[in-house]
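Only one structure is covered here, and it is reproduced in the block below.
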């Protein structure tokens, strides 16, 4: 698993506990000691989990496209979708944990929203395609306007 996360997702080992059951701490963010911790021992929990997936933010669509190309050799099944608010790649790691890499679009739209996208499209085409799919959906607004409104709601709740 460590090899998958370092080679395919570019995480860096930040710490490692010694011994055969030593945990491995990994991160892609210079401000975060770890974003993922692997433990090499068997789990005592059932294989069913309420966790649907783990998501990692990528700064730009260009970086997301780089991951898309790299993941082609690491994962057999890639799903490229938009949620209106993001462009995303879904895939499984070697132990069948579902992962998402995503970057923001310039818009917000109420969730759930999901449709297939083709990362072979040039950026301008992808932007236009995405906007056309979501512009008439509930909650459609530029993401900065939504963030401002959302921050006001969150801050008001935290004051109480």
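Values quoted throughout were computed directly from the atomic coordinates according to the rules given, and no laboratory measurement underlies them. Only a predicted model underlies this, so the values are computations on that prediction, with no experimental measurement involved. Please note: Cβ atoms are built from the backbone with ideal geometry, for glycine as well, and neighbour counts cover all protein chains shown.
Some notes on this structure:
- Folded to 0 to 90 degrees: helix 61-71 orientation relative to the chain principal axis, Cα: 40
- Axis of helix 143-159 versus longest Cα principal axis of the chain: the two differ by about 70°, to the nearest ten degrees.
- Cα gyration tensor category, rounded, prolate or oblate, for region 1-40 with a/c compared to 1.5: oblate
- Cα-based helix-to-principal-axis angle, 123-134 vs the chain, degrees rounded to 10: 70
- A Förster radius of 41 Å combined with the Cβ-Cβ distance from residue 144 to residue 17 puts the calculated FRET efficiency at roughly 0.45.
- Calculated FRET efficiency, residue 118 to residue 96, Cβ-Cβ distance, R0 = 22 Å: about 0.30 to the nearest 0.05.
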